[in-house]
Amino acid sequence: MRRLMPHSLQSKFFTGLFLLMTGLVAFFAVGLNIHLNRLMEGEAREKASLILAQVEAVQRYVRNTLRPVMYKTLPSDQFVLEAMSASYVTRAVMSDPNLEHDSFVYRRVTEGARNPDSEANALEREFIDRFRADPELKHLEEFRETDGERYFITVYAQRYDASCMHCHGDRSEAPHELIERYGGERGFGNQVGGLAGIDMVRLKVERDLGGIRDATLSFALLFAMGILVQFLIIQGFFHRLVVHSLNRVTGVMHRLFPDEAPLQTEPFLSQQDEIEGLLHGFELFAEHLRQARVDLKEYAATLEDKVAERTVDLTRLADDRRADVALFVSLLNSLNQSQTKQELLLAGLELIARRFGASRASYVCVLAATDYASWPDPGVPPELPEDWHDLVTGIEPRMGDLSWHIPVQTSGTSRGLLSLYWDKPRERSDRLVDLARAIGQQMGIAMENMEALDGLLTQNALLSSLIEGTADPLMLLDAGDAVLLANSPAVRLAETLDEPGLASLLDIIQDATRDTGCGEFELPDGRIFLAHLYPLEETGGRRIVASLREVTMERRIEDQMVRNERMVAVGQLAAGLAHEINNPLGVILCYAELLAASQKNGQAQADLAVIIRHTEMAQRVVRDLLDFSRPRPVSLEPGDLTAMASATVDLLQPRAKSCGAELHLEAATDIPPLRASDDALEHILTNLIMNALDAVNGLEEKEGRTGEVRVIIAAGDRFADITVADNGTGILPEHLNRVFDPFFSTKEAGKGTGLGLSVIYSLIRDLGGDIEVENRPGGGALFRVFLPLAVKENEETE
Ligand code: ADP
């Protein structure tokens, strides 16, 4: 059936909730009612049993206590009804007006009662009949409605026992008071155990039932109100949490999938709630998805076919492109490998012809048709069209069926014409035209590069020969201190270092030029170099040229000149001084000797001897000074070095012993004569050996090792080599340059004049020789004297 009103999810939910709540209220109200009724019944039952217990107690008291006492007290035929009849007493007690408010009725009745008040009514007779019918039945209780009122009735059967027989048995034995009061007809002739009557309590329950109804109603009302409040709260939450959220979901579907989302305007949808609408939307959505999937599958199948077709085309195109790229790469490679333009052209022509399957290829220079290159036969001249000059200067290639003519150009300059020839007609396309144009440009670039490279190589070769031709070491460095280039002198120099290699040479150069960009350094072998660093401005200072020049000779000559100048100056001073001192000394000595000859006094003689000794010592110093300053006549007569060395060493052995040192001579036997007199040789050797012995003097005591002086004599081609080495104190590095200076001495006053080495230095130089000094690695000093050999000199003059 078509519904007229739309039922939203909310209204459905609340209708259901309302029905549920109503059912709950009814259920609880009925339950409460039944429970209260049960309570009321229980109460009535308890109250009735309480009343009956009271009745029972009264009767038991009459029967067991009061009646026996009365029998004892009264004559045997006397009977006091008010005190001895259980029924009478009970009825009298229970009809007390004080009990009326308990709203119950107590009745002790029977059928055919002696006392007319105890005669049972219709209701009571009904109970009596039921007890009589069932002798075992003792107790009955039930709710009854009588006269429009509801009662709870509980009934107990009363049966006769032996004590009842006195009044209710044989009439002849019954008390006469009874017969007088009630007559002799009724209430006699009963048996023990026979039904005497009933005790009945009837309670009115109408008032309690009214209370139960009120309570149930109030409960139902309160419960309904509570449910109503709860209902409203749930409605609020439901709307906020469920309906609102569902509406949002529907809204999202409307927005995202307008075709599939539930439409409120659709007539059949207007009868549905939000969830049904949503489900409907999802169904449409799922259907749409399924349809889309089917469509997609169809598209995919079609697409696969199309892709396969296109892939074949693309693969062919890609192969062509790859071949083109390979052609360009090969052209570049041939540029790298070719040494000349001709080589490049031949290699390029072959590559291009093979790429396009041409049978021939040629290149002709723009300047002359005779300047050409051909492949495969270099001797075959190209077949050129009449207007080939116009073609070369234009930019468009001419692509015929059997030949292509492609202008070769770079940066707008025409260089020549590249021609390809086929035996069979060849296809032509726009792509091929572009490709041909690109090949023309590429060839032009390659040829331009080749020319540039040619120029560069020529320049490079020129530069290399210039650098190599330079006698001085030269290096090219980069800013990161790497050696980029080094000429042969630089490489040779680097090989002679303690740590061979250009890197060590660079370190030494950098140390020397650190502050100013130029400086000198001396190698351990004594060579001195002047180093300069020039940053190349064209490279922005990233390339630096390091140039070296050996200045050993210059520095030696400078040193000698300085030393000579110093010697000359000191010599002149010394000569003047000696002259001034020598004469007074001669006078002092002369007079001292005269005085000594005339003096007899021993003390005076001794004093004069001191004066004479010191004057002579002073004269010796002055003589040394004069020797030093005076130009000595150098005798160049040949001297025997071995003999002089042997004699000098022998002579100085005692001195060596007194110093606690050993003095050795190692002399080669075949030393030719020297161009120096024996006197000069003795002077030189004595001086050097004496200095060495001074240096090892007392070494035993001071350092616990034996002093040792070695004199080694050897000869080379032109010079004899005299070495005097000791293991003594050595010379301080800062003194090495000063030991040959006049008056330089480290010995204590009176022991050294500082003239010994300076004198022999002058002597050796005069003889055409040289002297060097250095400290020995193990300690001690080493002097080397080079003196020219007499023989060689003669040979040379010859
Ligand atoms: P003198 O011997 O009078 O001092 P020299 O000219 O002979 O003068 O020597 C100069 C100085 O050279 C000496 O004082 C000494 O310091 C140093 N010298 C020379 N030979 C040696 C040596 N073998 N060992 C150490 N020092 C030396």
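The residues on offer are LEU209, LEU203, and the sole one that is among the aliphatic types (A, V, I, L, M), open to solvent by less than 60 Å² (accessible area, probe 1.4 Å), in a helix (DSSP H, G or I) and touching a strand residue (DSSP E or B) at 6+ places or on another chain (Cβ under 8 Å) is LEU209. Tallying residues that are within 28 Å of GLY778 (Cβ to Cβ), more than 16 Å from the ligand (Cβ to nearest atom) and in a helix (DSSP H, G or I) within the range 645-680 yields 8.
If the condition is being surrounded by 13 or more Cβ atoms within 10 Å (Cβ to Cβ) and not in a helix (DSSP H, G or I), then the range 385-395 contributes PRO385, GLY394.
So, in the range 345-355, how many residues would count as being open to solvent by less than 10 Å² (accessible area, probe 1.4 Å) and within 55 Å of the chain's Cα centre (by Cα)? Total meeting the criteria: 2.
Surrounded by 13 or more Cβ atoms within 10 Å (Cβ to Cβ) and in contact with a Phe, Trp or Tyr (Cβ under 7 Å, 6 or more places away or on another chain): which single residue out of ASP721, ASP640 fits that description?
On the way: ASP640 fails: in contact with a Phe, Trp or Tyr (Cβ under 7 Å, 6 or more places away or on another chain).
Checking each option against the conditions leaves just ASP721.
If only residues of the range 681-697 that are more than 12 Å from the ligand (Cβ to nearest atom) and open to solvent by less than 10 Å² (accessible area, probe 1.4 Å) are counted, the one that is nearest to ARG655 (Cα to Cα) is LEU685. Where residues in the range 543-572 are more than 20 Å from GLY517 (Cβ to Cβ) and small (Gly, Ala, Ser), which of them is surrounded by the fewest Cβ atoms within 10 Å (Cβ to Cβ)? So the residue we want is ALA569.
One residue stands out in the range 152-170 among those that are in contact with an Asp or Glu (Cβ under 8 Å, 6 or more places away or on another chain) and under 25 Å from GLU126 (Cα atoms): the one that is surrounded by the most Cβ atoms within 10 Å (Cβ to Cβ), namely VAL155.
Residues in the range 97-141 that are part of a loop (DSSP other than H, G, I, E, B) and of a type in the set (Ser, Thr, Tyr): SER103 alone. When the residues of the range 732-769 are filtered to those that are in contact with a Phe, Trp or Tyr (Cβ under 9 Å, 6 or more places away or on another chain), without any contact (Cβ under 8 Å) to a residue 40 or more places away in the chain and open to solvent by 20 Å² or more (accessible area, probe 1.4 Å), the one that is farthest from the ligand (Cβ to nearest atom) is ARG738.
Can you tell me how many residues in the range 89-112 are of a type in the set (Ser, Thr, Tyr) and open to solvent by 70 Å² or more (accessible area, probe 1.4 Å)?
Of the range 89-112, the ones of a type in the set (Ser, Thr, Tyr) are 90, 95, 103, 106, 110.
Retained after the next criterion (residues that are open to solvent by 70 Å² or more (accessible area, probe 1.4 Å)): 95.
Total meeting the criteria: 1.
Whenever a residue of the range 601-616 is assigned to a helix (DSSP H, G or I), its partners that are open to solvent by 50 Å² or more (accessible area, probe 1.4 Å), lying with C-beta atoms within less than 6 angstrom and at least six residues away or across chains, give the pairs GLN605/GLN599; LEU608/LEU595; THR615/ILE588.
Could you pull out the residue among ALA781, ALA749 that is among the aliphatic types (A, V, I, L, M) and at pLDDT 95 or above? Steps first, please.
Numbers: ALA749 fails: at pLDDT 95 or above.
None of the others qualify; the one that does is ALA781.
The values are calculated or read from the model by the stated rules, or taken from the named source; none is laboratory data. Only a predicted model underlies this, so the values are computations on that prediction, with no experimental measurement involved. With ideal geometry, Cβ positions are generated from the backbone for all residues, glycine too; neighbour counts draw on all protein chains shown. To get the accessible areas, we keep the full protein, side chains included, count just its heavy atoms, and leave off ligands, DNA and RNA. Shrake-Rupley method; radii C 1.70, N 1.55, O 1.52, S 1.80 Å.
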